[in-house]
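The values are calculated or read from the model by the stated rules, or taken from the named source; none is laboratory data. Everything numeric in this text was worked out from a predicted model, so none of it was measured. Backbone-built Cβ (ideal geometry, glycine too); neighbour counts: all protein chains shown. Please note that ligands, DNA and RNA were not included when accessible areas were found on the heavy atoms of the full protein model with its side chains. Shrake-Rupley method; radii C 1.70, N 1.55, O 1.52, S 1.80 Å.
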2 protein chains.
Amino acid sequence: MQELKSTVQKTFAIIEHFTSERPEWGVTELAQEMGANKSTVYRFMADLSKLGVLYKHPITEKYSLGLKLFELGGRVNLKSAFIDKTHPELVEVSKSITETVHLAVLKNNQVFYVDKVESPQGLKLSSQIGSYNPAYATALGKVLLAYLPNGNKEQVLDFIFSKRNITSLTNNTITSSKNIKKELSKVKAQGYAIDKEELELGLICVAVPIFNLNNEVVASLSASGPANRFEESKVSNYVATLKKGAHAIQQKIGYFKP
Amino acid sequence: MQELKSTVQKTFAIIEHFTSERPEWGVTELAQEMGANKSTVYRFMADLSKLGVLYKHPITEKYSLGLKLFELGGRVNLKSAFIDKTHPELVEVSKSITETVHLAVLKNNQVFYVDKVESPQGLKLSSQIGSYNPAYATALGKVLLAYLPNGNKEQVLDFIFSKRNITSLTNNTITSSKNIKKELSKVKAQGYAIDKEELELGLICVAVPIFNLNNEVVASLSASGPANRFEESKVSNYVATLKKGAHAIQQKIGYFKP
DNA sequence: TAGAGCTGTTTCATATAATAAAACAGCGTT
DNA sequence: AACGCTGTTTTATTATATGAAACAGCTCTA
C-alpha cells in the first residue's frame, strides 16, 4: 500500500476491494491482501464505517459496502448527463438488435465501459459499467485505437504492445504489434470493428465509432453476443443499426471529451 | 475544514457537497463554502478526478460526481446494509398494525423491496425482497417520487412517464403524467401516500417516508393488506404507527455527518 | 490593448496527521 | 489453561498534508 501516495487513493483502494465476488472483508484479511499494516487498514475501515461508506455487520464484524455509497451512487445516476443522454439510444439499439449493447471510451489505454444495456435474450456478460478490458482484444478497443489521432497513435500502440502488457486471452487474440496495426487499418477502412472470440471464447462483438464535433472518436458503441447468433450475414445489419445509434448519440453529446 | 481530523473524513466531506441541488462545484467556490484552503481542496478534487470519483467537465472545468461512485453504488448489497438495523422495527410495526410491512428504496426508477415482514393474518403478497414494482402504482413509490430532490424531479418523472414505460395494471392505476404530479403534490402535503388497488385488485397500501440527516428521503415504509381490511377510519392510525416506525429507523441509520 | 479580477494550478517550508510494531482484549477451540 | 485467531489501542517516528504565495490562463472592460 505504501506505493499509493495520497490518502484519497488509499481510501478508494480499500473500497475497491469490496467487489460482487468478494463483498465482505475482515480487517486482518484485507490488510494481508493489500500488503498493508493491520492497524492502518483498521483506522481506514473504522473511519469509513463511521461515515456509512462501509457497513460493519454487528455479529460477524465483517465489513461490506454501506448505504452512503448507494446514496452517492444514486446521485450520480440521476445527474450524469452522459448516461442520461446515451442510455435511451442504447436501449433502442439493443431492442433492435436483441443483443447486449455497450458504450465505452479509451481510458488509461484500455477500454472503459461507460454504459450497458443487457440483451433481452438474457445472456449474462461479465462486463460491468466502470470496468476495463484490454483494447487490443475487443471490437470497442479496436475502434478506439484505429481512430486515434495520428499525432500520438504510434506512441500509444507501441506502449500497449510492449510485451508486458499483452496476454493472449484466447487462441484468436491478436498479440503482435504488426498484426494489430494491419487490423486497425482494416477497421478504419471499413468503418467498424469485429472481435471474433478474441477476448472470450464463444463471444463475438461488433463496434462502431462515435465522433465529436471535431471528427475525433470519443467513444465506441458495440453489440455483443454468443458466436452462434452472429452469422456473417447479420453483421452488416448490426453495423447499420449501430451506426444509426452512434449518429443519434453524436447529436446529443457534442461536448464530451474523455 | 481543520476540525475534521482524518483525511478520510475530509474526502467524504468534499464528496457530500455534491448534492442534487448543487451538483457542480469549482475549486475556489467549494473551498470558500467549506472554509478550507484552496490548494488543499484542489489536491483532493484532482485526486478524486483521477480515480473517477469526481468528473471534471472538460469545458467548464467544473467538477461533478463521477462514474466510479455510480459503479460502487451498484455494488452495495442493500439487504445486508439495511436489514439488520431495520428488520426489528418492521416486526414491531407489523405486530401493531397486523398487516404486511415493507421497506423499499428507489432503484433504477422503480420500487425496490429491501425488507418485508408478513402479516400475521397470513395473506400472501406477491412482493419479494429484492424484486421491483413500478413506482407510479404503489404507495411506496409515490412517497419516494414525491420527495425526490427538486433538481432532477421533473426529469425522472418525465422519464418514468414516457409512454412506453407505463402500463395500466388495474382500472385504478394512474397512467397520465399530469395526474401523477397532482397525486405527488398531495402526498408531499399530507406526508403519506396511499395506493387504492392501483397495483393489484383488492390490495391497498399506505406508505410514509424515511429521511436521512440531510432531510432527504432514502427509503419508504408501508403497510399493505386486502381492501376490505383497510377502512378509511383505520388509515390515520396506520399512518401514525408507520411514522413512529419510520422515526425509529431514522435514528438507527443516521450516520455521522462529516 | 492593457490591466483588473476572476479562475485552476504549482511550489515549498512547516506542521500535522499517517504509520507500524507492539501490546491488549475478547472469543472459541483444543 | 494455553493457544491461536480475531479486532482494537497505544506510541514514538516518519512521511504526508497543509496553506501562503506566486504563477498561469482566461474573460471581461475601460
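Which three lengths, in whole Å and largest first, does region B:41-88 cover when its Cα atoms are put on their principal axes?
49, 19, 15
Mind giving me the FRET efficiency for A:GLU29 and B:ASN171? R0 is 60 Å, r the Cβ-Cβ distance, nearest 0.05 is fine.
It comes out at approximately 0.60.
Please list the non-local residues whose amide H lies under 5 Å from the amide H of A:LEU203, H modeled 1.01 Å from N, same-chain partners needing a gap of 5 or more.
Hits under the 5 Å cutoff: A:GLU197, A:ALA227.
How many percent of the accessible area of region A:7-71 is carbon or sulfur, using a 1.4 Å probe?
50 percent
So if I take the centroid of the Cα atoms in region B:34-90 and the same for region A:19-64, what is the distance between those two points in Å?
One Cα centre to the other: 18 Å.
How large is ³J(HN,Hα) for each residue in region B:191-201, as worked out from phi by the Karplus curve 6.51 cos²θ - 1.76 cosθ + 1.60 (θ = phi - 60°), to whole Hz, x for Gly and Pro?
x, 8, 10, 10, 10, 9, 6, 8, 9, 8, 5
For the full complex of protein chains and a 1.4 angstrom probe, list B:ARG22, A:ARG229 by accessible area with the highest value first.
The residues order as B:ARG22, A:ARG229, largest area first.
If you line up the Cα atoms of region A:80-252 on their principal axes, what length do they span on each, largest first, in Å?
Here the Cα extents, ordered largest to smallest, are 39, 37, 29 Å.
If amide H atoms are built 1.01 Å from N in the plane of the peptide, which residues on other chains or at least 5 residues away come under 5 Å of the amide H of B:VAL114?
Long-range HN contacts for B:VAL114: B:LEU103, B:ALA104, B:VAL105, B:GLY130.
Distances from B:THR167 to the same residue in each other copy, label points 7 Å out along Cα→Cβ, in nm, shortest first?
Counterpart label points of B:THR167 in the remaining copies fall at 4.3 nm.
Which FRET efficiency value, to the nearest 0.05, is calculated for B:THR7 and B:LYS62 with the Förster distance at 35 angstrom and r the Cβ-Cβ distance?
That pair, B:THR7 with B:LYS62, gives E of 0.90.
Using only atoms on other chains, find how many Cβ atoms lie within 10 Å of each Cβ of peptide B:19-31 and report the average.
That works out to 1 on average.
What are the distances, in nm and sorted shortest first, from the label point of A:PRO226 to the label points of the same position in each other copy, with each label point placed 7 Å from Cα along the Cα-to-Cβ direction?
Distances between equivalent label points, in nm: 4.5.
Please work out the C-alpha center-to-center distance from region A:158-237 to region B:106-121 and express it in whole Å.
With region A:158-237 and region B:106-121 each reduced to a Cα centre, they are spaced 43 Å.
By what distance, in whole Å, do the Cα atoms of the protein assembly as shown stretch along each of the three principal axes, largest value first?
78, 56, 41
In terms of modelled amide H atoms, which long-range or inter-chain residues lie less than 5 Å from the amide H of A:LEU65?
Hits under the 5 Å cutoff: A:TYR55, B:ASN77.
What is region B:7-73 by shape, rounded, prolate or oblate, if you read a ≥ b ≥ c off the alpha carbon gyration tensor as root eigenvalues and call it rounded for a/c under 1.5, prolate for a/b larger than b/c, and oblate otherwise?
Since a/c stays below 1.5, the shape of region B:7-73 is classed as rounded.
Given points 7 Å out from each Cα along the Cα-Cβ axis, report the B:ASN150 to B:SER233 separation in nanometres with one decimal.
Inter-label distance under the simple model: 4.1 nm.
Could you pull out every whole DSSP H run in chain B that spans at least 27 Å of Cα extent along its own axis and averages -1.0 or higher on the Kyte-Doolittle scale?
B:232-253
What number comes out for accessible area per residue over region A:186-230 if the probe is 1.4 Å? Units Å², please.
Counting only protein heavy atoms, the per-residue value for region A:186-230 is 39 Å².
Residue-wise, which Karplus ³J(HN,Hα) couplings in Hz belong to region A:220-229, taking 6.51 cos²θ - 1.76 cosθ + 1.60, θ = phi - 60°, and x for glycine or proline?
9, 10, 9, 10, 10, x, x, 3, 5, 9
Which whole-number percent is the relative contact order of chain B (Cα, under 8 Å, 6+ apart)?
Computed value for chain B: 16 percent relative contact order.
At 7 angstrom along the Cα-to-beta-carbon line, where would the label on B:GLU61 sit relative to the other copies? Give the distances in nm, shortest first.
So the distances to the same position in the other copies read 5.0 nm.
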